[in-house]
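Below is one structure; the comments refer to it alone.
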Amino acid sequence: MSTRVAAVVPAKDEAQRLAATLVAFGDLREVDLVVVVDDGSTDDTSAIAAAEGAVVVRHPSNRGKAAAMTSGAAEVARLDGLQQDGPDGPAEPRALLFVDADLQESAANLGPLCAPVLEGRADMTIAVLPPQLRRGGGFGLVVRMATTGIQRLTGWTPTQPLSGMRCLSRAAFDGALPLAGGWGVEVGLTVDVLRGGGRVLEVPCELHHRVTGRDLRSQVHRARQYRDAWWALARRGAWRPSRAGGPDGAGG
């Protein structure tokens, strides 16, 4: 069982908010390594991450969140492998804490997300966020579709299926590879961990991030999110007709 956590922060053009997020990790005693994956930024994201002491992995061009999560986890594995074994034998690989770059000071409240994984009570935890300080958000179409798909495939009903703040054991993460692409990464990860026999726990966390608005650009983003989440679920059989003509609800 691991006693250490590596925070992996996918970031694209987050120069305005990233520093405050990284500083907040100083209040998390569980986290002893921070890896920022600069996913094709055109601003000073990489320089800010390095100045705050994070290990920086840079994608020359934008490859998407799933690729950034995979690159960050691979860098953690590489660094784990470089460490010397302790007096009690090989060190356990770090658990992985995936964090959105725009949490700023509220990232200091991620501790409750780590504890169940470190204590062996869960293989993956998902943060349940409170109402956000800034008004906004969509109309719930993507959330309802994602909730329905996950429930059909696994029998488990999530509260916030699109939450990006998650902590996983290394074994749970590796067992879910390759990750679903695009904006379907969260729903695909949930389904794959549950189908692999993993225990998933939702944990309330006092986290606040940038809320997507309702302008045209935001609606285009939601359309892409809906498409990617739908495909992630479809590829796992969520919408496959059963012999009775209904959806196939089989799952782990």
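The values are calculated or read from the model by the stated rules, or taken from the named source; none is laboratory data. From a predicted model like this one, the values you see are computed outputs, not experimental measurements. Here Cβ is always computed from backbone atoms with ideal geometry, including for glycine, and neighbour counts include all displayed protein chains. Ligands, DNA and RNA are excluded from the accessible area calculation, which covers all protein heavy atoms including side chains. Shrake-Rupley method; radii C 1.70, N 1.55, O 1.52, S 1.80 Å.
How high is the relative contact order of the stretch 1-125? Use alpha-carbon pairs under 8 Å, at least six apart in sequence, and give a whole percent. Intermediate results must be reported in sequence, preceding the final value.
Numbers: 234 pairs, mean separation 47.7, N = 125.
Answer for the stretch 1-125 is 38 percent.
Given labels modelled 7 Å from the Cα in the Cβ direction, how far is it in nm from R121 to D27?
Calculated label separation equals 2.2 nm.
Leaving out ligands, DNA and RNA but keeping every protein chain, what accessible area does D102 have, in Å² rounded to the nearest 10, with a 1.4 Å probe?
10 Å²
Under the Karplus relation 6.51 cos²θ - 1.76 cosθ + 1.60, θ = phi - 60°, what is the ordered set of whole-Hz ³J(HN,Hα) values for the stretch 17-23, x standing for Gly and Pro?
Residue by residue, the stretch 17-23 yields 10, 5, 4, 5, 5, 5, 4 Hz.
Calculate I(q)/I(0) for the stretch 1-90 by the Debye formula, one identical point scatterer on each C-alpha and no solvent, and give its log10 at q = 0.16, 0.24 Å⁻¹ to two decimals.
Rounded to two decimals, the profile gives -0.64, -1.21.
Using a simple spin-label model with points 7 Å from Cα along the Cα→Cβ vector, what separation in nm is obtained for T42 and A171?
Reported label-point gap for T42 and A171 is 4.5 nm.
Could you tell me the calculated FRET efficiency between E92 and Q160, based on Cβ-Cβ distance and R0 = 30 angstrom, to the nearest 0.05? Show your work: numbers first, answer last.
Details: r = 29 Å, r/R0 = 0.96.
The value I calculate is 0.55.
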